[in-house]
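The values are calculated or read from the model by the stated rules, or taken from the named source; none is laboratory data. Just so we're clear, the structure is a prediction, and the values are computed from it rather than from any experiment. Ideal geometry is used to build each Cβ from the backbone, glycine not excepted, and the neighbour counts take in all protein chains shown.
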Amino acid sequence: MHAVHQLHQYRKSISTTTYKARGYRVIRCQLCQLAQQFCICALAPNQEHVQTTAGFVLLMHDTEVLKPSNTGKLIADIIPDSFAFLWSRTKVNPELLAVLNDEKWFPLLVFPQEYAGDDRKVFTNKVICPEGKRPLFIMLDGSWREAKKMFRKSPYLDRFPMVSFDARTAMPAVLGTCHSDSNKQVSPVGQDSRYTVRKTELEHQFSTAEVGARVLAMHGETHNAQLLDLWFDVFNFQYQKSVCQRNKGNVNALENYQSFVNKLYPNHLNMPDSAAIE
Ligand SMILES: [Zn+2]
């Protein structure tokens, strides 16, 4: 179990009512939160093989952690140093502060540039860390409205530089490399969000996982960016199966993901056949 799984269990344990997300009658896998028959846990990347210097802090809005559609957990599926905390308007979690104050990290708040004050450093293209430090990407995980509130009401994050990208012009993290057709993008990061599970409040709003893929790419970890992106597509496609809406996910998601993983980690991962989780 990773940090988001643990936070989900904790949040559920202190809950007095059942959170009624769309499709709440569905029997879900307790980890990926997909309907049991569409569970993707067996396909999750083996973190032992993921080479990264990045870490993530998922600062999650109270109800976000309960939503089966949350995609912050997909980041934690891939990046071993992922931390998850419940956000509070009135209190700062001392464990969160301990992570932020850890000398090995260079914390960066991932948020749109237009919200930065004039003297704030904002990385918009490439993330450059001070010598000997590793980037720690802080994600405000909630609806866009919640995220804006979290941004305004978390003064302890004001001291950190920001990472932003222009959703309208952001370039793809990587072009597909495992397709013979080189014009075909396996990983369309940089286009519009493919996240159709939630009705977005803004046209160019991305899911937390998609944003995570972009900042990994800005840190130069294009393979990890692409892996996260493809993993997101798998989740998105399987999720839509479970809520019985018209599936707008990528029908090739599983195939794309598996061929990329097999190429990236040859002889390391025994990926179950995708037919096994149809
Ligand atoms: Zn699962």
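Among the candidates Ala84, Ala76, Ala98, the residue that is in contact with a Ser or Thr (Cβ under 6 Å, 6 or more places away or on another chain) and either closer than 24 Å to Phe206 by Cβ or among the aliphatic types (A, V, I, L, M) (or both) is uniquely Ala76. Every condition in (1) within 15 Å of the ligand (Cβ to nearest atom); (2) assigned to a loop (DSSP other than H, G, I, E, B) is met by Thr17 except one, and the failing one is (1). Scanning region 128-144 for residues that are of a type in the set (Gly, Ala, Ser) and touching a residue at least 40 places away in the same chain (Cβ under 8 Å) yields Gly142, Ser143. When you check Phe85 against the structure, is it of a type outside the set (Ser, Thr, Tyr) and farther than 29 Å from Glu255 by Cβ, yes or no? Answer is yes for this residue. Screening Lys12 on (1) basic (Lys, Arg); (2) within 16 Å of the ligand (Cβ to nearest atom); (3) surrounded by 14 or more Cβ atoms within 10 Å (Cβ to Cβ) shows it passes everything except condition (3). Taking the listed residues Gly117, Gly132, the one that is modelled with pLDDT of 90 or more and on the phi > 0 side of the Ramachandran plot is Gly132, with no other qualifying.
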